[in-house]
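Asks: This is the structure, below, for whatever I ask next.
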Amino acid sequence: MKITVHERKKTNDIDYVKFSIEGITFEMANELRRIMLSEIPIMAITEVIFMENDTPLYDEMIAHRLGLIPLTTDLKNYNLPKECTCQNQKCTLCQTILTLNVNSGNEPLIVKAKDLIPSDPKVRPVNDEIIIAKLGPNAKLELEAYAHLSFGKEHAKFQAVSTVGYKPFPEITIDTKSCKSCTHDFAASKKCHMNLYRISDIPELIPEYYLKCSLCRACEIYCPNKSIKVDYKKDTFIFAVEGTGALPLSEVLEQTLKIFDEKWTEFMEKIDKIEIAEQA
């Protein structure tokens, strides 16, 4: 298995990576996608205790908003509640608290994620500017929010990534000799809706656009001389992943491969047991 990173973007608003994996099948690519979406644990708020709420929103609405705020996650120092030594009694090894105590004073005030004070600095809102509620003059919002680890398959707020997709790695070949004798003004390459081609004397693929190919085969279908052939590598796939910020994408990929390896090992062990039972 060979991994190649093609694009990386990380700003305050986006955490994105595009990479290809060589040496896997369609089934393995889909399993990697499902692991990234649903089997990597992250922190999220699951319970909120309100002391005072003078906002126009019901307690339940604010609790729902708080639950959807992505939190940075520390996988090394926290246990899954079901695996903790406290036996799911919510101790400091499997749960953390974020408190909020805001008074608006004489002017209206917008309460944001930055107003949440974490008991553990390693577990805090990813984006401080997420709006929670609005307070009118002389109003107050006071609460305690409890967060713990869980999986995306339990609830979408526990997804380590916001989106992840994959597609086969394109292979496009151009018969340049045939193109030189083209009398159709390179009409086929102009059909590409992704604008992958640069046309001078002959059509040329723009290298930085190459991975955007959607394999629609329009250029191949409309080429009168059949000079363009579009195919894909059977064992190589391009992944596009956008993170929530809860975990670094490097750690998401590391955890994905680790979980995949554990699943594969478990599967092979079960196969071996079945073969031994049949032989006996």
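The values are calculated or read from the model by the stated rules, or taken from the named source; none is laboratory data. Here the structure is a predicted model, which means the values were calculated and not measured. Ideal geometry is used to build each Cβ from the backbone, glycine not excepted, and the neighbour counts take in all protein chains shown.
Asks: Quick check on segment 132-151. Is at least one of its residues outside any strand (DSSP E or B) and in contact with a helix residue (DSSP H, G or I) (Cβ under 8 Å, 6 or more places away or on another chain)?
Replies: yes
Asks: Now for a separate question. Return yes or no: is E220 out of contact with any Ser or Thr (no Cβ under 8 Å at 6 or more places or on another chain) and either β-branched (V, I, T) or modelled with pLDDT of 80 or more (or both)?
Replies: No: the conditions fail for E220.
Asks: Quick one: how many residues across segment 87-118 are modelled with pLDDT of 95 or more, over 25 Å from the mean Cα position of the chain (by Cα) and not in a strand (DSSP E or B)?
Replies: Counting residues in segment 87-118 that are modelled with pLDDT of 95 or more, over 25 Å from the mean Cα position of the chain (by Cα) and not in a strand (DSSP E or B) gives 1.
Asks: For segment 259-274, indicate whether the set of residues that are in a helix (DSSP H, G or I), in contact (Cβ under 8 Å) with a residue 60 or more places away in the chain and surrounded by 14 or more Cβ atoms within 10 Å (Cβ to Cβ) is non-empty.
Replies: There is at least one residue in segment 259-274 that is in a helix (DSSP H, G or I), in contact (Cβ under 8 Å) with a residue 60 or more places away in the chain and surrounded by 14 or more Cβ atoms within 10 Å (Cβ to Cβ).
Asks: Can you tell me which residue is nearest to G23 (Cα to Cα) among those in segment 234-248 that are part of a strand (DSSP E or B), of a type outside the set (V, I, T) and out of contact with any Lys or Arg (no Cβ under 8 Å at 6 or more places or on another chain)?
Replies: Residue satisfying both the conditions and the ranking: D235.
A quick yes/no check of all residues on (1) more than 25 Å from P56 (Cα to Cα); (2) over 24 Å from the mean Cα position of the chain (by Cα); (3) of a type outside the set (D, E, K, R):
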| residue | (1), (2), (3) |
| --- | --- |
| I131 | no, no, yes |
| L135 | no, yes, yes |
| A156 | yes, no, yes |
| T176 | yes, yes, yes |
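Asks: Looking at this structure, is I24 over 21 Å from P248 (Cα atoms) and in a loop (DSSP other than H, G, I, E, B)?
Replies: In short, yes.
Asks: Would you pick out the residues in segment 94-110 that are of a type in the set (A, V, I, L, M, F, W, C), touching a Leu at 6+ places or on another chain (Cβ under 6 Å) and over 17 Å from I49 (Cα atoms)?
Replies: Hit for segment 94-110 is L109, nothing else.
Asks: Looking at (1) at positive phi; (2) touching a Phe, Trp or Tyr at 6+ places or on another chain (Cβ under 9 Å), find the lone condition where R8 falls short.
Replies: (1)
Asks: Which members of segment 245-270 meet the condition of being of a type outside the set (A, V, I, L, M) and within 30 Å of E129 (Cα to Cα)?
Replies: G245, P248, S250, E251, E254, Q255, T256
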